[in-house]
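The values are calculated or read from the model by the stated rules, or taken from the named source; none is laboratory data. Everything numeric here is computed off the predicted structure, so don't read it as measured data. Cβ placement follows ideal geometry from the backbone for every residue including glycine, while neighbour counts extend to all protein chains displayed.
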């Protein structure tokens, strides 16, 4: 099924205990697309400035990622973020943000993309998320992300978006802040009550919690020593989930549980290298092998 | 198989966001025994003072827990601990500790207990753990716990104990402090290199990591909203693991993975009420039902 993503495309500078990367490709829509494209074709919508390096565009070459919605805006500058991870690397400390083109008008969605069946609205202003939702012709599954900033400053607009989506994927701190509840099962239930049919709460190195009408499914992260840069793990997770669903006939509880396994595995690849180093060159066989390993690990009774 | 546990028996005062309990039964050996006794008979070794309330002893009535090693020491006072849990309740803040009888000579191990095949050495001075190991006639599986205090003050004695045990069960902060490594997979590998055949790192609400020669198994906690008091969760977990192993013909990798599921479920019961409120009155059918629920949750592919 057609899968549309809209989110940031950025130039990142990242420092971790394992090294640093300066001026590398990043952004939620980038990690999401590369990850989702392992499973299903992706339509990317996002804007960059005319400072966006040509070689960054080449990362998408020969991949089922349609860049018709990638707008290069003359006279604008690309979104830039720099951050630092320390210790257990569970949270980035933002050192610097320049919204640049993200603070301007949103990118145009190509008319040919408006029939997309699956849509992922990466973190952005809830008003823009709603505007896009209203343009879609026949969406089957709309899932959104958000961040603390919008929870604090645009709560009503965000609640409005949540009443219009099928699913929400967000991290534990965001879920707690939005629901004002500490226990994550309870937080997930409160989120469900706001409209979505499912909620996925990401917990970084501790895995995630999927909550739907069928109850909670809690799963661990894929255990690995190979962690160099956690940037993009959450978006790669979302890409794995949505990409897998895009390849499913039925989108129901069992499909969601299988999708969470794919998301978990894609996140485990993303953190193995700086920027998109690992996800951009990943063979489907590697993905399938690790999914198999992950599912076997969880079959405790065999 | 015969399962021996030695550890603390205490009188606790606990405050959590859900209430408080004053002067209630606690201690590592208590939680461990009640939990393990769901699966296999337990021999308990520990000392209390003559202030130990008679009704606390009655908790063990009609359970397969042999109290021949429970020493009531005249003129001594029972170990007392008071602590407080806040927020996500991942860590207790200790408000008060009176070691009392725990600071005196260790309890005698009844001669009839020295043929025990499985032994759990709950957290205590490493020298005492070693002394007990050396008394055992034909142990098949010795597993120990420890705490930050011994890591800091008795490192060499602790390393000596680790070279003599088959397994170690400890929490994430302890594993990190002992190995001086942040990544838990790496920490677990370093612990294996010290002697044990398996290591289980407990992560509170985030589940646990089992590491053995067969590689890592990471599992989530049983997802629940029903958390009133986390005291004793770790010891109930260890009791579930060891109790289940005590009922196994073979103690190998697959048995350990099944045991971890039982430990996880026993911990989820322990936190549902203050003190031993929930684990003391638990029917085996409730345990088996929740184990089934947990294993089904983890079968993502069905």
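Here is how the numbers come out for the structure above:
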quantity	calculated
Single condition residue A:270 does not satisfy, out of (1) buried (at least 22 other Cβ atoms within 10 Å of the Cβ); (2) within 18 Å of residue B:302 (Cα to Cα); (3) more than 11 Å from every other protein chain (Cβ to nearest Cβ)	(2)
Residue count for segment B:172-220, restricted to those that are part of a strand (DSSP E or B), buried (at least 20 other Cβ atoms within 10 Å of the Cβ) and facing chain A (nearest Cβ under 10 Å)	8
Top-ranked residue in segment A:133-150 [being touching a strand residue (DSSP E or B) at 6+ places or on another chain (Cβ under 9 Å) and either over 19 Å from residue A:27 (Cα atoms) or without any contact (Cβ under 8 Å) to a residue 12 or more places away in the chain (or both); ranked as surrounded by the fewest Cβ atoms within 10 Å (Cβ to Cβ)]	A:140
Filtered residues of segment B:252-280 (kept if free of Cβ contacts under 8 Å to residues at least 24 places away in the same chain and not in a loop (DSSP other than H, G, I, E, B))	B:254, B:255, B:258, B:259
Flag if residue B:86 is within 14 Å of chain A (Cβ to nearest Cβ) and in contact with a strand residue (DSSP E or B) (Cβ under 8 Å, 6 or more places away or on another chain)	yes
Boolean, residue B:229 is surrounded by 24 or more Cβ atoms within 10 Å (Cβ to Cβ) and over 19 Å from residue B:60 (Cα atoms)	yes
Any hit, segment A:99-118, residues being under 26 Å from residue A:207 (Cα atoms), in contact with a helix residue (DSSP H, G or I) (Cβ under 8 Å, 6 or more places away or on another chain), more than 14 Å from chain B (Cβ to nearest Cβ) and surrounded by 15 or more Cβ atoms within 10 Å (Cβ to Cβ)	yes
Looking only at segment A:155-171, and only at residues there that are touching a helix residue (DSSP H, G or I) at 6+ places or on another chain (Cβ under 8 Å) and part of a loop (DSSP other than H, G, I, E, B), the one that is surrounded by the fewest Cβ atoms within 10 Å (Cβ to Cβ)	A:164
Residue in segment A:281-290 that is within 14 Å of chain B (Cβ to nearest Cβ) and assigned to a helix (DSSP H, G or I) present	yes
Scan of segment B:108-129 for residues that are out of contact with any strand residue (DSSP E or B) (no Cβ under 6 Å at 6 or more places or on another chain) and modelled with pLDDT of 95 or more, ordered by number	B:111, B:112, B:114, B:115, B:117
Flag if residue B:257 is within 13 Å of another protein chain (Cβ to nearest Cβ), over 16 Å from residue B:209 (Cβ atoms), more than 13 Å from the chain's Cα centre (by Cα) and surrounded by fewer than 22 Cβ atoms within 10 Å (Cβ to Cβ)	no
